[in-house]
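Read-outs throughout are calculated quantities, based only on the coordinates presented, and are distinct from any laboratory measurement. This structure is a prediction, so every number in the text was calculated from the model and none was measured. Cβ sites come from the backbone with ideal geometry, for glycine too, and all protein chains shown count toward neighbours.
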């Protein structure tokens, strides 16, 4: 009898531990008056260490229209609630008429069968004015991966970034255009074994620099692929970019003076 009780307790502890594992990507929508987007999607990428939660939040219409922020907070395992506070804005691409709202969330975990949810309320303040945002509700469900997983970010400090683009693999006639912060700086360039080179000047007053590679054709062997070599002072990075005519490839440079 004693051994049966011990086994039952171990199973119970195992189930409780499983229910409390909220690390991962959660996606849903939030109610928001006077929001920037017609539909206010939200994504929270939560990392939990003990009761400390950290991660990134995305408030977005789609992957081309978004605000990204860091958050931190606390998880109460007994109550199955998590409190998160957004802070540093690390990326955005929104109309100039939009105002960013830095939010706080109080969410409760629950599950229905195999589906897991976080739901609750939020409040916040507008970045520009400090005025309170109109509070709203939010419901998220666990998903396998982020909608923004294909947009790498590289932190840089002041200085100059060199970008070299090569055809990645067989030289098959791929041609591309390069945009920096939505402005075309190279157009109709044919990729080859010799680099297409351009530079970005880092302006400390502008935190984000987005580089986008747009496929002009698909070459003889689709998709349009490129190898981008990034040189920042003594550091070098290699990124493989793949683009089709319906979707471009992007990388975000984030100015961080601590780098």
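Below is a table of values for the structure above.
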{"read-out": "Label-to-label distance, nm, for residues given as residue 76 and residue 149 (7 Å Cα→Cβ offset)", "value": "3.3"}
{"read-out": "Computed Kirkwood radius, in angstrom, where 1/r is averaged over Cα pairs of the stretch 22-143", "value": "14.5"}
{"read-out": "Label-point separation, residue 38 to residue 160 (7 Å along Cα→Cβ), nm", "value": "4.5"}
{"read-out": "R0 of 35 Å, Cβ-Cβ distance residue 205-residue 31: FRET efficiency to nearest 0.05", "value": "0.55"}
{"read-out": "Distribution of pairwise C-alpha distances over the stretch 113-200, 10 Å bins, in %", "value": "11, 22, 24, 18, 20, 4"}
{"read-out": "Global form of the stretch 103-159, assessed from the alpha-carbon gyration tensor, a/c cut-off 1.5", "value": "oblate"}
{"read-out": "Cα→Cβ-extended label distance, 7 Å offset, between residue 238 and residue 61, nm", "value": "3.8"}
{"read-out": "Gained length - residue 190 relative to residue 256, 0.36 nm times residue gap less alpha-carbon distance", "value": "20.5 nm"}
